[in-house]
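Report on the following structure.
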Amino acid sequence: MESKIRLDKILYDNEYGGFSEDGKEYKIKIKNGERTPLPWCHVLSNELFGTLLTSNGGGYTWYGNSRENKLTVWSNDAIEDSTSEMIFIKGKEKIYTAMPYKVSQDYLITYGFGYAIYETNYEGIHQSLTIFVPNDKNEKINQMFLKNETDERKDLHIFYWINPVLGVTREETKKHLILQKNDNSIELNNYYREIYSSESAFINSSEPIINYTCEKDDIKNGEIKKTEEGICKNPCVIIEIDLSLEPQQEKTICFSISVGEKTNFSQVEQSLESTKLYWEKLLNKVQIKTPVESMNIMMNGWLLYQTLASRLYARTGFYQAGGAFGFRDQLQDVLSLLVECPEIAKKQILYHAAHQFQEGDVLHWWHPEKNNGIRTRYRDDLLWLPYVVSEYVKVTGDFNILDEEIPYIEGKLLEDNENEIYQEVKQSTFKESLCKHCIRAIENSLQYGTNGLPKMEGGDWNDGMNLVGGESIWLGFFLYDVLNKFLIVLDKKDELELKEKYKNEMQKLKQALNQNGWDGRWYKRAFFKDGTPLRLFTK
């Protein structure tokens with residue numbers, strides 16, 4: 001039976017897809033199993049739990065940390081785009097999947113704020129699979145709607161399969177995985193994890209599980225040969241439910257991955273609507289209208305959604321499952337939230353300030369569950385704190401944040417021959433106001449070379465310039481801007497002497513940038529340690 005999947009009018013059609021008319025969804029057309037040029041991804045996440053989906057059915061799921069505690073296998077192979085989670089259906093004639101993974105059929109994929117839908121029609125059965133991560137629960141829901149559009153009864157065997165990790169990599173964890181049936185769920189544990197070892201994961205079904213196995217080698221040709229659980233040689237989770245659909249009959253079934261507790265399937269519909277409403281309220285606080293429709297679409301939802309879901313919450317993507325917070329990275333991200341989500345920006349500012357050393361420098365990145373991070377010689381990281389704080393108080397008018405008392409961290413200083421060190425740090429008992437934290441960052445940055453420009457050392461926003469090591473023109477401009485923006489803070493705190501000092505620093509920087517940074521046509525980029533200029537352009 002031919003596919004009946006239709007795609008109504010879309011905006012900015014690029015032959016593979018485009019935006020819905022209201023700009024709130026992105027539609028992707030998969031024709032006869034053909035793939036998009038590269039995996040087109042969508043991140044669904046709350047602060048603790050999330051999943052990455054691709055247009056080919058790939059992606060993975062995590063809890064707590066998208067690197068340290070993957071629940072299923074992550075892959076960044078853009079050619080293979082292998083899946084680690086799949087729903088597949090066995091009918092009388094053949095096996096076919098409910099997601100577009102290596103199958104020759106048409107699909108319509110919809111990416112929305114907090115959800116994704118994979119829709120197809122195959123062998124006379126209309127399938128619509130809605131995937132979402134509730135904004136307030138540690139679970140991923142797969143809600144599948146099926147309708148028999150033929151004149152004959154359809155007896156179906158439906159399988160939900162995952163390739164589990166419960167840690168960083170499957171190679172490390174598979175020998176430690178314990179998988180066992182627990183009522184109408186499969187419980188997964190890995191007690192050898194460095195973190196999260198006490199957290200059980202569950203594979204759940206809204207329908208009775210009639211067959212299952214935790215050994216990948218025990219399923220052949222869409223049939224589970226035998227049931228195994230416990231510690232398996234090639235661990236996986238495959239659960240089977242059976243379903244019969246009379247002509248024109250329809251049915252909704254659900255599968256889920258959850259952590260901590262099993263899914264309450266009676267609340268799925270309510271949870272989906274609540275999640276959609278959560279994102280709608282968050283993203284609709286500010287709407288812009290310009291003559292450029294594409295600008296409106298991106299600004300009125302998509303950019304903010306990706307900043308929150310992918311950058312702040314998930315901290316992952318197809319090419320890198322990082323999981324860590326970067327001092328500069330997430331501070332830069334919250335600059336886009338100052339109007340619509342100032343409370344989220346404030347929380348992030350205070351959190352980052354607590355990852356600053358008393359010397360003024362900061363951790364370049366760290367994992368939130370650990371006391372470990374990397375101390376480097378990057379010269380721009382620390383300046384993002386006063387930069388973002390200045391912008392925050394300017395936009396929100398919340399000057400009370402400056403008086404928040406925040407501890408520092410303590411750790412080993414870098415030796416003369418060390419550019420960076422990954423180390424365990426501890427929280428200091430010494431606290432100071434956020435304002436003092438910012439001042440320490442600025443004071444640490446007032447280090448100049450022979451040209452009167454800021455020292456570069458480890459790098460300056462461009463991590464690839466970590467071996468230049470001399471002086472940075474870019475950092476000079478950035479430091480000038482930070483000093484200028486921070487004057488509003490010094491005015492509020494009556495720091496008149498410091499304000500005068502920073503104004504003098506600005507004048508010296510301005511003179512050095514224009515005298516030594518300018519080559520007559522372009523600004524140079526930096527100076528190497530031996531004084532050789534680094535230019536982006538030549539005369």
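Please treat every number below as a calculation from the coordinates, not as lab data. Here the structure is a predicted model, which means the values were calculated and not measured. FYI the Cβ positions are ideal-geometry reconstructions off the backbone, even for glycines, and counts take in every protein chain you see.
Note the full-extension length gain between residue 395 and residue 176 as 0.36 nm times their separation in residues minus their Cα-Cα distance, in nm to one decimal.
73.8 nm
According to a simple spin-label model (label point 7 Å from Cα along Cα-to-Cβ), what is the distance in nm between residue 369 and residue 92?
Between residue 92 and residue 369, the simple spin-label model gives 4.9 nm.
Under the Karplus relation 6.51 cos²θ - 1.76 cosθ + 1.60, θ = phi - 60°, what is the ordered set of whole-Hz ³J(HN,Hα) values for region 266-282, x standing for Gly and Pro?
Values, residue by residue: 5, 9, 4, 4, 5, 5, 5, 5, 5, 5, 4, 5, 4, 5, 4, 5, 5 Hz.
What list of ³J(HN,Hα) couplings, whole Hz, do you get for region 92-105 from phi and the Karplus terms 6.51, -1.76, 1.60, once you set θ to phi - 60° and write x for glycine and proline?
5, 9, 7, 9, 9, 9, 9, 9, x, 10, 6, 10, 8, 8
Taking a ≥ b ≥ c as the square roots of the eigenvalues of the Cα gyration tensor of region 45-201, is the shape rounded (a/c under 1.5), prolate (a/b larger than b/c) or oblate?
Verdict is prolate for region 45-201.
Rg to Rh ratio, the chain, alpha-carbon atoms and Kirkwood radius?
1.04
Do any of 346/492; 137/276; 90/251; 140/262; 90/140; 31/70 go past 21 Å between their Cα atoms, and which?
90/140; 31/70
Using the Karplus curve 6.51 cos²θ - 1.76 cosθ + 1.60 with θ = phi - 60°, work out ³J(HN,Hα) for each residue of region 474-486 in order, rounded to whole Hz, and write x for Gly and Pro.
Ordered by residue, 3J(HN,Hα) equals 4, 5, x, 5, 5, 4, 4, 5, 4, 4, 5, 5, 6 Hz.
Would you please give the residues with an amide H less than 5 Å from that of residue 177, counting only those at least 5 places away or on a separate chain, with H modeled from the backbone geometry?
none
Give the residue list of GluC sites (Glu not before Pro) in region 370-425 that are DSSP loop and have at most 15 other beta-carbon atoms within 10 angstrom.
Here the sparse-neighbourhood loop sites are 415, 418.
Would you grab the residues whose amide H sits under 5 Å from the one on residue 378? Only those 5+ places off in sequence or on another chain, please, with H modelled 1.01 Å from N.
Those qualifying (amide H under 5 Å, at least 5 residues apart or on another chain) are 458.
Name the shape class, rounded, prolate or oblate, that the alpha-carbon gyration tensor gives for region 257-318, where a ≥ b ≥ c are the square roots of its eigenvalues, rounded holds for a/c under 1.5, and otherwise prolate holds if a/b is larger than b/c and oblate otherwise.
Since a/c reaches 1.5 but b/c is at least a/b, the shape of region 257-318 is classed as oblate.
Work out the charge dipole of the chain with +1 on the Cβ of Lys and Arg and -1 on the Cβ of Asp and Glu about the Cα centre, then indicate which of 62, 180, 239 is farthest towards its positive end.
Selected residue: 62.
What residues have an amide H closer than 5 Å to that of residue 219, excluding those fewer than 5 places away on the same chain, when H is modeled at 1.01 Å from N in the peptide plane?
Those lying under 5 Å, H to H, from residue 219 are 225.
Which order do 41, 438 fall in if you start with the one that has the fewest other Cβ atoms within 10 Å?
By the 10 Å Cβ count, ascending: 41, 438.
Among 133, 312, 526, whose Cα projects farthest towards the positive end of the dipole of the chain, with charges put on the beta-carbon of Lys, Arg (+1) and Asp, Glu (-1)?
Farthest along the dipole direction, towards plus: 526.
Cβ neighbours within 10 Å, averaged per peptide: list 133-144, 181-192, 315-326 in order, most packed at the top.
Peptide ranking by packing, descending: 133-144, 315-326, 181-192.
When a/c reaches 1.5 or more, the comparison of a/b and b/c decides; with that in mind, is region 251-358 rounded, prolate or oblate per its Cα gyration tensor?
In terms of gyration-tensor shape, oblate.
How big is the dipole moment of the chain about its Cα centre under a simple scheme where the beta carbon of each Lys and Arg is +1, that of each Asp and Glu is -1, and everything else is neutral? Debye, nearest 20, please.
1060
For region 242-303, run through the trypsin sites (Lys or Arg not before Pro) and keep only the ones in DSSP coil with at most 11 other Cβ atoms within 10 Å of their Cβ.
Sparse-neighbourhood loop trypsin sites (Lys or Arg not before Pro): 285, 289.
Label points 7 Å out from Cα along the Cβ direction at residue 320 and residue 416: separation in nm?
That separation, rounded to one decimal, is 3.3 nm.
Let me have the 222 nm mean residue ellipticity of the chain computed from DSSP H runs of 4+ only, each contributing -39500 (n - 2.57), with the sum over all residues rounded to the nearest 500.
Here the helix-only value at 222 nm equals -6500 deg cm²/dmol.
Evaluate the distance, in nm, between pseudo-label points positioned 7 Å from the Cα of residue 446 and of residue 431 along their respective Cα→Cβ axes.
2.8
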